[in-house]
Structures are given as C-alpha cells and as structure tokens.
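Written below as structure tokens is the structure these notes are about.
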Amino acid sequence: MSRNFWTSGFGKPGMALATALLAGAAMVPSAFAQQPAVLKFGTQTQNDVQHDYMKRFKDALEKASAGKIRVELYPASQLGPFPRQVEGLRLGNIQALTAPFEFFVGVDPSFQTTSMAGLFKGNEHMRAVADKPEFRKIMEDIGDKRGVTVGSFIVYDMQYFSFKTAASSLADVKGKRVRVLASEAEQAAVQSLGMASIPMPIPEVLPALQQGTIDGVSSGLTIFTTLRYYDAAPNMLETRLWGIMATVLFSKEWLTGLPEDMRKLVLSTAKSIEAENHTWNQNNLKEAREVWAKNGGIMKSLPAAEQADAQKRVFEATTKVLAKYPAVKATYESIKAIADKAQ
C-alpha cells in the first residue's frame, strides 16, 4: 500500500478500512478453527468386528478431541465399490478405511502377506503377533511409503469355506467355484485344493450364490452369519487354513493437515481400542456359531489326514507365489519369524 494512501485527505478513512480488513482476515482462521475436522470412515461390512471398531473409534475420538474431530461412519459399502474407496483414501477424500489387509494389495503387494498360509495358528496367535511392535513397524513402514498410515490391527477370524451343497472332504469341493479376495496368494491357495477361485466384491456374493454363478465362499465366520449365507450356502467347512487380519488405514495427506496434537490423538485412539474390540469379537464369534446352527447351517471339519494335506497344499502354493516377488517374500519371512516366536 502506498504512503500517499495514509497521508492524503483520505488517510483516516483509509486507516479505518485497513484496520477493518485486517480484523476480518484475522477472524477467518478463527471461524474455520471452530469447525470440526471431518473424518469419513468406511468399510464393506456391517455388524461385525470392523463395524464395532468403527463405532468405538467414533465415540472415543470425538470425546477425546472435545468435538474438534467429527467421525462419520459409512459401513456396508456406502462410499461405493471398495477399489473406489481406496482411491478416495489415497486422495484424501476419504479419511479412513477398515478391511482385511489383502484388500489393499493394490496399494502395496506386501499387504497380502498377513493372509498367506503358514503364519497364524488361530485368532489368539494372530492377536499376539499384531501386538508385537516389530510387526506393527513392518506394516506401518509399508503404508508410509504408499501415502497411507496404518493405524490399527483387527483380528477378524481364521478362514472358512461355505458351500451350497454338502461338503465334508476335499473330494466334495473339487471343481467348486469359490469366491475369494483379489490377492494372488489366496487365489493360488484355493486352486491348490482343486477349486476355481473367483474374485468378487462382497455386495455381489449373495446374488452370485443364489444365481449359481459361484458354488461357495472363502471368508470368516461372521461374514457368513451377518450376510445370511446360511440360506444360500449352508454347508460350512471349518478349515482355518490362513488368518484374516484387518487393518485401519488413514489418509496420510489428511493426517498431515491436522495440528500435531490432533494427529497424535487420532493414532493413539486408533490403537487404544484394539483390546476391547478384540474381546467383543471373541464373544461375537461364539454367538455367530449359535446363529449359524439356529438357522439350519451345518458346520463340519475335514478328517485329520485331509486337513494336514490341505495345509501342506496351500503352504506350497503360497511359497510358489512368494518366489515371484522378492519384496513380498522378504516381508512374509520377516512376519513369519515374528509369528513363530509368538507361538
């Protein structure tokens, strides 16, 4: 602004105008600061351990932040097909997503390692590994390089199959078309058991079962009960051939834009509710068995010799996939070393 503006006959009005403009400018960040930051949190499922986590996170973070962060929950794919949700996360349009790690294989191939055969013996073993700082750092470092922040680890369940027709042996499932997740490792594992692997998003699975497009599903127990697969595919095999570990990923771009204290609060809150969420899931899995049986669902296990054979086959299939991807293999071997010590 020129000196003449201040010293001319318009000096005093000019000074008043300038003062008013400066005061108005000062009020703009203050007004914005009064608006809570919005965290859109999405997932594909509903009424399961992921959804429970989301609700706990919302309650805890909004309380801890004194309303400075507002969490909006979008379960059941309300934010669209999951690949589009992942794109939104990386762009910062969606601030958080929860899903099994392998759903994020497009972000980094090493994210599929947690669902590979040969790592986890059961849910409590999976939880013990998830609580190891060295494991958390491996997964956090992978995300950090890809523009996402790994904020939490959720034990979903071990793997099961459920079929439209009776199944109690490997011979019964040979040639069946089975819905799997998109990772190459899971597809190879299912194929090693003599089945055809059909990658498919969750919203399409039940119609595909009803229409005969697929014969069965590979997933966790509560997926079968919450989505009522007991009507379309009531014959479950409790195979437990690999684990299903979910994660919570935050948009790194969004987190970076928060004040430091709020950024730390988001991440500390995400970790703090893992234990209570896990306890909830333990009870939920017990109830899911009752729901399955109550609605006419059948649950069987493979004979011991066939179970051992199935474990051998899926591990060999996993090994072949790993041989093609040195970086993924290195991640898997690092996780396996931690898992073996945690038994």
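Figures for the structure shown
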| item | result |
| --- | --- |
| Answer from Ala99, Ala185 - the residue that is crowded, with 19+ Cβ neighbours inside 10 Å, under 23 Å from Val49 (Cβ atoms) and not assigned by TED's automatic domain parsing to the domain that holds Tyr325 | Ala99 |
| Output for the stretch 324-343, where each listed residue is part of a helix (DSSP H, G or I) and touching a helix residue (DSSP H, G or I) at 6+ places or on another chain (Cβ under 7 Å) | Ala327, Val328, Lys329, Thr331, Tyr332, Ser334, Ile335, Ile338, Ala339, Ala342 |
| All positions within the stretch 42-78 that are under 11 Å from the mean Cα position of the chain (by Cα) and assigned to a strand (DSSP E or B) | Gly42 |
| Matching entry among Ser110, Ser65 (being at pLDDT 95 or above, crowded, with 17+ Cβ neighbours inside 10 Å and either in the same structural domain as Pro199 (by TED's automatic domain parsing) or over 26 Å from Val328 (Cβ atoms) (or both)) | Ser65 |
| Filtered residue count, the stretch 106-143, keeping only those that are in contact with a Leu (Cβ under 9 Å, 6 or more places away or on another chain), among the aliphatic types (A, V, I, L, M) and under 27 Å from Arg263 (Cβ atoms) | 2 |
| Conditions (1) touching a Lys or Arg at 6+ places or on another chain (Cβ under 8 Å); (2) over 24 Å from Asp52 (Cβ atoms); (3) part of a helix (DSSP H, G or I): number failed by Leu255 | (2) |
| Members of the stretch 199-234 that are among the hydrophobic types (A, V, I, L, M, F, W, C) and under 13 Å from Asp48 (Cβ atoms) | Ile202, Leu221, Ile223, Phe224, Leu227 |
| Hits in the stretch 231-252 (condition: assigned to a helix (DSSP H, G or I) and either in contact with a helix residue (DSSP H, G or I) (Cβ under 6 Å, 6 or more places away or on another chain) or surrounded by 22 or more Cβ atoms within 10 Å (Cβ to Cβ) (or both)) | Ala232 |
| Filter result for the condition that a residue is assigned by TED's automatic domain parsing to the domain that holds Val190, among the hydrophobic types (A, V, I, L, M, F, W, C), more than 17 Å from Met158 (Cβ to Cβ) and more than 25 Å from the chain's Cα centre (by Cα), over Ala337, Ala317, Ala305 | Ala305 |
| Residues of the stretch 296-333 satisfying the condition of being surrounded by fewer than 16 Cβ atoms within 10 Å (Cβ to Cβ) and more than 23 Å from Ala196 (Cα to Cα) | Gly296, Ala304, Pro326, Ala327, Ala330, Glu333 |
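The values are calculated or read from the model by the stated rules, or taken from the named source; none is laboratory data. Here the structure is a predicted model, which means the values were calculated and not measured. Virtual Cβ from ideal backbone geometry, glycine too; neighbours counted across all protein chains shown.
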